[in-house]
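To keep things clear, I will list the structure first and then write my remarks on it.
What follows is calculated from the coordinates using simple rules that are stated; it is not laboratory data. Predicted model, so just to flag it, every value in this text is computed and none were measured. Neighbour counts are summed over all protein chains in view; Cβ atoms, including those assigned to glycine, are modelled from backbone coordinates with ideal geometry.
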Amino acid sequence: MRVAIVHEWLTSHAGSEKVVEQMLQLYPSADLFSLVDFLLPEQRHFIGQRSVKTSFIQQLPLAKRAFRQYLPLMPLAVEQFDLSVYDVVISSNHAVAKGVLTAPHQLHISYVHTPIRYAWDLQHQYLQQSGLDRGAKGALTRLILHYLRLWDTTSANRVDRFVANSEFIARRIWRAYRRPATVIYPPVDVSRFVWQHPREEFYLTVSRFVPYKRVDLTVEAFNQLGLPLVVIGDGPDWERISALAGSTIRLLGKQPDPVVTDYMQRCKGFIFPAEEDFGITPVEAQAAGAPVIAFGRGGVTETVIHGKTGVLFLEQTVDSLVQAVKSFEMGMYQLNGENLRQQAERFSIECFQTRFRDCVEQTHTAFLQGDPLE
């Protein structure tokens with residue numbers, strides 16, 4: 001069968017791109033489509049030697065630096081891809097990829113990282129954080145998001161089978177589209193971690209410095225606790241986080257994977273205060289033998305077992321995180337490396353490949369036979 005893989009944009013090798021990487025491993029002859037492709041030469045290894053078929057947005061002014069500003073054009077752009085020669089279309093969706101046009105004889109499977117966040121349940125948060133919650137520009141943005149929701153709902157009908165990256169996202173898919181979804185967790189490279197390292201007396205968090213990641217919450221909590229914290233990452237909030245950091249907090253900025261691996265293998269615990277769709281770093285931390293202290297909402301409730309591989313705190317506040325760390329410090333939970341590693345193995349690359357291949361093959365067989373897909 002001829003396979004096409006459609007991704008929104010190729011600008012980094014992060015979480016959703018690592019899913020695409022494994023899809024390409026499973027279907028090495030697949031063609032790859034993306035609205036834009038601005039990968040640097042050193043980032044292109046995961047797509048191999050294949051060329052990427054891009055949309056007209058690739059050629060628009062300032063697209064390399066500000067392609068997200070062309071969001072209103074993205075539904076139109078993704079509909080221009082000619083996929084008529086393919087038997088199976090796999091979309092990797094967190095914005096518009098699932099909106100590609102296919103014919104009745106073509107199977108379309110959409111792997112959803114999330115329904116488009118800023119158009120659905122996070123709209124008000126997005127508008128406030130962007131300074132677009134008032135004024136003419138804000139009104140225009142609300143209008144654009146309104147029409148994007150209408151298109152997003154309509155284009156959901158073009159998908160034959162939804163696959164969600166967590167139960168949390170499956171519920172979002174049902175809320176937005178009233179469609180069920182098969183859950184297949186993203187691939188995590190747990191093999192790169194050694195979990196029997198001796199632990200040291202510092203905590204670790206790894207994150208982009210953007211508001212919803214709540215790095216500020218972690219920093220303020222550890223200022224109160226007076227415990228050593230290492231922070232890896234950077235982003236737009238760097239100056240604000242730097243100003244908050246007290247004497248026990250080390251900001252290392254963005255670091256290469258080997259450095260992150262080393263700190264994960266040595267830290268006493270890993271802090272994760274964000275509400276994420278899935279969250280790869282908590283799984284990586286468990287693979288490295290680090291208990292996870294996380295906000296108990298979102299995908300992390302499916303990857304961290306409270307009291308066995310980590311501690312989940314119930315409110316996204318400084319006080320709640322402080323109390324969780326204090327209970328961990330007092331030894332209230334029996335956490336051991338073997339349990340951590342076993343839990344992490346559930347999300348390995350091999351597990352993803354097996355489950356996703358089986359899903360595609362079984363769905364394709366049912367599709368050819370005319371059997372119901374949901």
Cα-based helix-to-principal-axis angle, 318-329 vs the chain, degrees rounded to 10
60 degrees
Between Leu252 and Val52, what length comes free when the chain is fully extended (0.36 nm per residue of separation minus the Cα-Cα distance, one decimal in nm)?
68.6 nm
How much length, in nm to one decimal, is gained on full extension between Ala14 and Tyr147, taken as 0.36 nm per residue of separation minus their Cα-Cα distance?
45.0 nm
Label region 1-87 by shape, choosing from rounded, prolate and oblate, from the square roots a ≥ b ≥ c of the eigenvalues of the Cα gyration tensor; if a/c is under 1.5 it is rounded, and otherwise prolate applies when a/b is larger than b/c, oblate when it is not.
oblate
Would you work out if region 177-219 is rounded, prolate or oblate? Take a ≥ b ≥ c from the square roots of the eigenvalues of the alpha-carbon gyration tensor; rounded if a/c is under 1.5, else prolate when a/b is larger than b/c, oblate otherwise.
oblate
Distance in nm between Arg357 and Leu62 label points, each 7 Å along Cα→Cβ, equals 4.6 nm
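At a temperature of 20 °C and a viscosity of 1.002 mPa s, determine how fast region 190-345 diffuses translationally according to Stokes-Einstein, using the Kirkwood radius over alpha-carbon pairs as Rh; express D in µm²/s, rounded to the nearest whole number. Before the final figure, lay out each step's value.
Values: Rh = 15.1 Å.
It comes out at roughly 142 µm²/s.
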Cα-based reach from Lys53 at 30 Å (exclusive), listing lysines while leaving out same-chain residues under 8 positions away:
Lys18, Lys64, Lys98
Calculated FRET efficiency for the pair Leu26/Arg240, C-beta based, R₀ 35 Å, to 0.05
0.25
Along Cα→Cβ, 7 Å out, is where each label goes; now give me the distance between the ones at Val85 and Tyr212 in nm to one decimal.
3.8 nm
